[in-house]
Amino acid sequence: LDLTDKIVMLYLESYAKTPDICTETNCDNLGEQHVQKLKVLLVEEKDINYLLANDNIYRKYDTLNVYMKLPPIKMPRVLLNSGAKEIETPLKVDLSDLFDLTNIRKNLVISNNALSPLKNSFSSVKTPALDIAYNSLRASNTSIKNFTPVLNSNTKTTINTKTYSALVSSYAEKINTVVPQLQSALKTITDHFSQLLSLNISEDFEKSIKALENHLEQNNGDIQYLYDHLCDLVKIYNELRDLLLDIQSDCCPNIDAFPKHLILGRPNDTSRSIPYRHRFYPSTTEITGKLPLKKAHFLVRKMLLLLKAFNPETQLGADITPSTSISTENAACAIPFYYNPSEDLVFQWNFKLTQRFNEAFQLSYFKKYLSPINAIQEPLKYDLNNYDFLRIEGIHGMPYDEALKEVSKLKTDYGLNFDIKAINIDQQIEDIDMDAYACHFNYLDTDLKTWCQEQNCINKDITEFFSGFNMDDLGSHNYAFEQFDRDDLLDKEVLIDPDKIKKPTDLLFSNNQLSLLGKLNINADLLAARDKTDREPLITLLDKAQEKISTGASIEDMVSEYQSSFVVLGEKLEVLNSTEPKSYSKLSTKKNTAQPVLLKASKTVEPVSPVVLNTGVKAYTPFITETKVNDTVTDNLKTKTSDLGFIMNTVLDKNFIGSATEIEKAIDLKRKELYPKIDPEQQNLLKVGFTIPNGILARLQIVSSYIPESLDQVNADTKEKYAAAMEDLCAYTKKSRAIINEIFYNPKAEYTHIGYETLYTFMLDRLEANCCAASSLEIILNEIQTKKEEILDELIFSNFARKHPGLEHKAGVPIGGTFVMVYTGAVSNELDKEIPRNTVVADFALPYLCCSDCSPIGFIIQEAATSSSLILDQNKICVDTNAETEIKIGFTKSPKDGVLALLNKNIEGISFSETELFITPHQLNAFDTPIQFTVNGQLTTANLTATKKPQARITTNPERMSGLPGSTLPPVQFSIENLNNFNTDLFSFNWTINGTSYTNERPTVNLPISQNIDGNILEIPVTLTLSNDLCNSTTIEYTLEVAIDTPEEIRVTLKEGTFCSNDKEKYHFTITPEGSEVKLLNDDVKGIHGEGDTWYFIPAEADPGKHNITFAEVDPITIEVSKALETVRFEAELHNKVMVLQITEDIQAEAFSWFNDAKLISTTAEPVLEIPQEEKEQLFKLQVVVKTSACGTLES
């Protein structure tokens, strides 16, 4: 019998059997009999298929064949390939001239104008650096199947650790492999399992997969986060796939599916899955039947939600969240930060926790929708035994130093067990921050500090000596004896007894008088040589001028006032110069030169040093860096007003930028401005006392400015500029030494011995001996470069990945592992060039702690010495430097018999008894800095800070002022003259000026003058109170005197006389004083126009007659306008044989001329003419001509 095409089926034969009324035994009817017979049938396969066509339960759960075509998806790992290790020493690239990269991280100031283009280009995304880098992955078409990263041919290689573009390419390759698989698998589920899952999800999955494609096509976000997102989706898919065969329950099965049969499959079929066989289909009311379907629904909704919620652009700062590698009963994987937070996300993240109503007790980067209890909001403060992993998120796109700082702080604050490394994917030597690897450079740091201390010591001594020369008395030195107490270097006898210095006799004139004589063209030397009696009148004039200058008059005022008298007396004494006025000094009539010449007969122009003063500021758009500049020279300048150092300090205090020669010239010009007198007759005194010291100090300042303060300032640029500046200084020193030898030791030289000559040459010799200093700096630089190359080998990502093959991206780190941040460097691959440097672009993890930057150090603990201590009753005091009374401060020292001393031996004015410390105020020379003490040679923790009590006087700018009543003075700035050099930063300034309070140090005030002030002087009271927490308040009072100007009376006049009504000319009012403004009070007079200080009158616009014009505060003006007539008419009347001719119009005229037949017969003052009648007949042809003052001549 052939059973190969037969299917075994159990059939329940069921029918009702109706019995007869009577049987063989009796006729009792027991009712209808139901027959149930189970029969085993063999059915052909084609017939079985016919049965199954109507069996919707079997068809619904018969999914094995489709399931077998639905493979699990595995996310491929990105394997880091560094290629073969390069044996060659890395190329030494010195970019210091282009970028001072080592200092940018420490002192970075961003220029807003320079950064605006970058901001505009990155404004479209929240993580611009990562989005730009991802541009290399733009899809060539919209289909995910054809998604191909657009990569440079250089990156199409298996080596993926050299550039970020290559790393992105590796991730993109893995993503492109998995996305089509996931897309196909989800389509299979929607096509074949929708009925099983009782969900219509085809359209939802299609939209969600399209969203995933869009993320790839639009390059939104970071490639590693996209990879992590895909890992999440693959994990959900695999979980869902595993559940499909377990879903066999049915809530309300169709009773017509298989009502009386069960299909059992082929006979003797021993396969794992028997086809044509009904299963047991439990009800969904049972937990075992319901749970798989419920979980499947959960996973489907979770996948759809994650596809929708994915947002890789979020950047809110670094945070660490405890998590697990695999979800357990007690803990679950934390929710990643690249999903938009929502209540649905929390609900759909973990099935087990949601089943137990514990979804709010999960952990996540975002805490808004989680439980408010502290253990959830701040999980790192609580037990971490249930967690083996730490998610570190929010760092991509951040500057690596900020990310490193934030992660390190979290690690330290919460005591977390993992290590952190920041690795550069394209590191260069210039990127190495020596502060971060200080342990590698400790020995060099010590060498540099030793070298710097030597240089600073030499520069300090040289500066103090050469800046102490007296500019008011060239050749003399203000400090040579008291400061440089060297018996072997100073001729004390000469220095102590100035009478032994054989110098030309000083003249009798002050600097102001010399300036005045120069402007008046009078030769001061010739005047001084005249007989005392002869020059007495001119000296008297000079004294008067000096007295007025001391009270505030200027030299120019004195020239104007006394010029004629001086010229007359000068001509009489024959002391006038024949050329233009010059400025003269006491000892010579030679004109000052712009640049003093060192060599007597040489006409060679000194070359300008190419090295300019280092200001510590470098600008490379868009970066501006500032570094500390060595200030040994400026800090040790002697700064009394007559010192050369005072002039140099004034020049350099204005952010001077220039070469040594330019500094020399600036100082020389400033000296001539401050001391406008001629140079000494002995030109050697000028060379010794100014020219050489000026040149030495100018070059020493340039050299000092390039002494590096720390190792990170040691670079090729600094070394080259230091060497060039030092070469210039040494050349100048050698030349100066030759000149000094000629002046000091040549018997024929015109020079008078002063006493510091040996010390002078000793200082020049010290400078010459130090000329090899640049070579020491070069040795340190070379050693730094070598050490940087060694460190660089450890910092390059490709080398690090080669040494640690377990490196893998986990979006965090296992507890006890190493978290590795990868960031971009200074020189990038072509495809990476738009990524801002030092930006975190990826992260990886190692399952172990590694990579300590320095070897462990063994410490030898020495036996503790006997401790010493000092306790002062006061540690801060206020000192009145004018006080005569000593200040006493009690103290307790241990041991009691210990020797108490000052740590700084140069401090004066402090002495001790056994229990008290004594301070002599006028001798104390240490203020505003802690004074430290030792007991038995051991430094104690006690310190004393002394603050000077203020001594000052109030000054104003301008010093003198005046104004009119009712006016406001121009802005007046109030400040103080610091009489004892107290520290103004420690005191608050409280001004009361004219009743108004001000709290800034230099207030600028607009002061009003009352309209009704009496007297010629306005006194404005000014009070300044200086106060701090230590010193009692110091109040300074001052009265500002303002001269009250008397205002001139305003007058307004107009041309006298009468105006004609036909005159259209503008007649301007004269207003004095000039510029005064007046206001017209009456507007009833026509023809008056103008405003302010300009008014005029047009007679033709006014009515004839007299008018009064009234201006405010001015006497009224009366004007008269005569009416202009076109013709003149007269009438004739005979009275008593006299013909009387009378003009009919009322005319104001100067004269009336009467004509008979064009002949003048009479001129009258009145408009009347009388003609006597004769006996004979008379014939008259009369005409009258009227001459008016306003309207001219009129004829009848």
Q: Would you mind pulling out the separation of the Cα centroids of region 1079-1105 and region 673-751, in Å?
A: 77
**Q.** Backbone N under 20 Å from the S194 label point (7 Å along Cα→Cβ), restricted to region 29-64
**A.** 56-64
Q) GluC sites (Glu not before Pro) within region 956-1008: which are DSSP loop residues with at most 11 other Cβ atoms inside 10 Å? A) E959
Q | For region 869-948, size of Cβ-based charge dipole, Lys and Arg +1, Asp and Glu -1, in debye | A | 240
Q) How high is the FRET efficiency between Q1148 and E1077 when r is their beta carbon distance and R₀ equals 30 Å, given to the nearest 0.05? A) 0.30
Q | Length gained when the stretch T650-L1179 is fully extended (0.36 nm per residue, less Cα-Cα span) | A | 179.9 nm
Q | Out-of-range pairs (alpha-carbon distance over 32 Å; input K352/K405; K352/K409; K460/K687; K719/K905) | A | K352/K405; K352/K409; K719/K905
Q. Is any residue of region 630-645 close enough, with backbone N under 17 Å, to a label point placed 7 angstrom from the Cα of E977 along the Cα-Cβ axis, and if so, which?
A. 640-642
**Q.** Two-site label geometry, E536 and K672: point separation in nm, points 7 Å out along Cα→Cβ
**A.** 3.9
Q: Filter the trypsin sites (Lys or Arg not before Pro) in region 899-979 to those in DSSP coil with at most 15 other Cβ atoms within 10 Å of their Cβ, and list the result.
A: K905, R960
Q. Along the charge dipole of region 221-322, Cβ charges K/R +1 and D/E -1, which of P253, L304, P292 sits furthest on the positive end?
A. P253
Q: Quote to one decimal, in nm, the extra length available between N1016 and S371 on full extension: 0.36 nm per residue of separation minus the C-alpha distance between them.
A: 224.1 nm
(Q) How far apart, in nanometres, would the label points at N340 and I907 be if each is projected 7 angstrom from Cα along the Cα-to-Cβ direction? (A) 6.7
Q. Cα centroid distance between region 1034-1077 and region 929-962, in Å?
A. 56
Q | ³J(HN,Hα), Karplus 6.51/-1.76/1.60, whole Hz, each residue of region 56-63, x for Gly, Pro | A | 6, 6, 4, 4, 5, 9, 8, 10
Q. Residue separation times 0.36 nm, minus the C-alpha to C-alpha distance between E556 and L38: what's the value?
A. 172.4 nm
**Q.** Where trypsin sites (Lys or Arg not before Pro) fall in DSSP loop in region 1095-1175, at most 16 other Cβ within 10 Å
**A.** K1123, R1129, K1137
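Readers should treat all values here as calculations from the given coordinates under stated rules, not as data from a laboratory. These numbers were taken from a predicted model, which means no experiment stands behind them. All Cβ positions, even for glycine, are placed from backbone atoms using ideal geometry, and neighbour counts span all protein chains on display.
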